[in-house]
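First the structure, in the form of structure tokens, and then the observations on it.
Bear in mind that the values in this text are calculations on the coordinates, not laboratory data. Everything numeric here is computed off the predicted structure, so don't read it as measured data. Cβ placement follows ideal geometry from the backbone for every residue including glycine, while neighbour counts extend to all protein chains displayed.
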Amino acid sequence: MDNPDMTPAPQSWSPQSWRHKEIRQQPVYDDPASLERVLNSVRSLPPLVHQGEVDTLREQLVLAGRGDAFILQGGDCAERFEDCTREAIESKLKIILQMSLVLTWGARIPVVRIGRMAGQYAKPRSSDTEMINGTALPTFRGDIVNGIEPTLAARRADPNRLAQAYFYSAATLNNVRALLDGGFADLHHPQHWDLGFVRSVTSRAEYEGMLDRMLDSLNFVESTGVRGSAAFRTVEFYASHEGLLLPYEEAMTVEVGKHWYNLGAHMLWIGERTRQLNGAHVEYFRGIENPVGIKVGPSISAAELVELIRAIEPANREGRVMLITRLGASAAGNRLPELIAATREHQLNVVWACDPMHGNTITTESGYKTRRFDSIREELRQTFEAHHKSGSHLSGVHFELTGADVTECVGGPQELSEADLPRSYETYCDPRLNYGQSLEMAFLLAQKLQQRRQVPNAK
Ligand code: PEP
Ligand code: CO
């Protein structure tokens, strides 16, 4: 299929064409009429983002793909409606902005900030039902679908939740925009930074040194007269979520000129469980202008990856496809080189990012789903190395994190152990890095990016 003349012309696309394909991971609604009613009401509501912002993000991903910018994507595994509060949004935004400052300083290139926020309400599940106290209940599929409470009534797929998800997304995004416009991004004062959680004296001294140097450079730039300028206080921030629940995504899809945009988020990704080549999700995503992430797990073959990229982006435009590898520390080093080689051989324009969380999930003996900070770090190390050796480069990272002091992942600067997990285990879904673990991860990444600047690629 290397000869473009032999590639069959894609079938015509519409925001509904996915409905003719096999689909996975969708709830069953017992009242289709009210589902259609809610979808129609969502369709008539104003977009959450503007197509110009989507285009700008794509331009920034072009830069990232070329190695001239670095992407930081992060947020909860599953956002919850009840967490749409001032405190939760501020703390998440703060940690993402702080991480991005640390990364900018380390990499000396702009950081593109993308929140897993303002719409991350739908979750894929490994099973349709779960047994609770001897009763089989439908699984919780995220607040956009059903309630987490273990009762049949709560677990019913409720179409009204689609409209609620729209409004919670709008409230979250509105708050993020207000915070950024109002100067919340002004984090160059030491009192906004807390390194008190770092137990190791050597690491603490090292991070304090890095922070001092970073804040010093910021203050120097300020002293040159940039103080108070919008460039300093406001930053761009993009919203993203997994595009799982296709009826909702369809309702957020708008024709602009000759193009279709999903204006419910700037960027969306296809999860590892819904990326079947002939499936409904790939069909939907090939038709929109937004940058599209593809989660790439260890089961994918190089040939399948190539076909998937071509299906989503037949024109091979830069900045449109972001491959988010989540191979796990046990497979990243072995599998990545062949995947990178395949995209290079076929000259496919992709932006490589790494999600070092989802391939490293384990369950403790006492039943807690957790991730080891060291495994996350190790997958990143292998990923940087594989790209470096292949003459490619890692353009971004994707984390599940929160600004709160939760105890969901073990290890990190507070040296959390399995015994610490029950203390503040709050996630509805996967374990997240807490404030300290996220900040430490940023410092470690900044060191890696600094080294990378100093050692040119192998090819
Ligand atoms: C996720 O990002 O929360 C997720 C379910 O990831 P993946 O599709 O990579 O398993
Ligand atoms: Co997750």
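Points to keep in mind about this one:
- Applying the Karplus relation 6.51 cos²θ - 1.76 cosθ + 1.60 with θ = phi - 60° to the range 183-188 yields 3J(HN,Hα) values of x, 4, 6, 6, 10, 8 Hz, where x marks Gly and Pro.
- Extension gain, Y428 back to I23 (0.36 nm per residue minus Cα-Cα distance, nm): 143.4 nm
- Proximal aspartates and glutamates relative to K123, as straight alpha-carbon distance under 12 Å, when same-chain residues fewer than 8 apart are discounted: D76, E79, D143, E242, E272, D430
- Antiparallel content of DSSP bridges confined to the chain, in %, to 5: 25 percent
- Cα gyration tensor shape for the range 179-304, rounded if a/c is under 1.5, else prolate or oblate: oblate
- Relative contact order of the chain: 21 percent, from C-alpha pairs under 8 Å at least 6 residues apart in sequence.
- Taking other C-beta atoms within 10 angstrom as a stand-in for reagent exposure, L45, L327, L263, L93 fall in the order L45, L263, L93, L327, fewest first.
- Ordering M357, M131, I309 by Cα displacement along the dipole of the chain toward the positive end leaves I309 in first place; charges were set at the Cβ atoms of Lys, Arg (+1) and Asp, Glu (-1).
- Simple label model, 7 Å out from Cα along Cβ direction - A171 to T129, nm: 3.4 nm
- Residues with amide H under 5 Å from that of F399, placed H, sequence gap 5 or more: Q73, G74, G75
- Using only side-chain charges placed at the Cβ, +1 for Lys and Arg and -1 for Asp and Glu, the dipole size of the range 53-161 relative to its Cα centre rounds to 200 debye.
- Per-residue ³J(HN,Hα) for the range 319-332, Karplus 6.51 cos²θ - 1.76 cosθ + 1.60, θ = phi - 60°, Hz, x for Gly and Pro: x, 9, 10, 10, 8, 9, 6, 9, 8, x, 5, 7, 10, 3
- For L416, the amide hydrogen comes within under 5 Å of the amide hydrogens of G411, counting only partners 5 or more places away or on other chains and with H modelled in the peptide plane.
- Put in line by how crowded their Cβ is, counting other Cβ atoms within 10 Å and starting with the fewest, E378, E338, E255, E400 read E255, E338, E378, E400.
- Prolate/oblate/rounded label for the range 287-326 (Cα gyration tensor, a/c 1.5): oblate
- Percentage relative contact order, the range 253-309, counting C-alpha pairs under 8 Å, at least six apart: 35 percent
- ³J(HN,Hα) computed for each position of the range 374-381 - Karplus, 6.51 cos²θ - 1.76 cosθ + 1.60, integer Hz, glycine/proline x: 5, 5, 4, 5, 5, 4, 5, 4
- Charged neighbours of R108, selected by a Cβ distance under 14 Å, balance to +3 (K, R count +1; D, E count -1).
- Of all beta bridges that DSSP places with both ends in the range 249-374, some 35 percent have antiparallel geometry.
- Applying 1/(1 + (r/R0)^6) with r as the Cβ-Cβ distance of R43 and D420 and R0 = 41 angstrom yields a FRET efficiency of 0.35.
- Debye, to nearest 20: dipole size of the range 256-309, +1 on Lys, Arg Cβ, -1 on Asp, Glu Cβ: 100 debye
- Spin-label model, E36 to E304: label points 7 Å out along the Cα-to-beta-carbon direction sit 3.6 nm apart.
- One chain, two ends: E208 and Q11. Fully extended at 0.36 nm per residue, the span grows by 65.3 nm beyond their Cα-Cα distance.
- Flagged links, alpha-carbon separation over 28 Å, of K92/K389; K94/K448; K369/K389; K94/K258; K92/K258: K92/K389; K369/K389; K94/K258; K92/K258
- Placing unit charges on the Cβ atoms of the charged side chains and taking the dipole of the chain about its Cα centre, the candidate lying farthest along the positive direction among G411, P422, M267 is M267.
- Whether the chain is rounded, prolate or oblate, judged on the alpha carbon gyration tensor where a/c under 1.5 counts as rounded: rounded
- The relative contact order of the range 346-459 comes to 27 percent, based on Cα pairs under 8 Å that sit 6 or more residues apart.
- Taking I71, I324 and counting other C-beta atoms within 10 Å, the order from fewest to most: I324, I71
- Dipole check for the range 169-230: with +1 at the C-beta of Lys and Arg, -1 at the C-beta of Asp and Glu, and the Cα centre as origin, the magnitude is about 120 Debye.
- R0 of 30 Å, Cβ-Cβ distance S217-E87: FRET efficiency to nearest 0.05: 0.50
- FRET efficiency for Q347 and N278, using Cβ-Cβ distance with R0 set to 41 Å, rounded to 0.05: 0.95
- Mean residue ellipticity (222 nm) of the chain, computed from DSSP H runs ≥ 4 via -39,500 (n - 2.57), nearest 500: -12500 deg cm²/dmol
- Long-range HN-HN contacts of E289 with modeled amide H, under 5 Å: W260, Y261, N262
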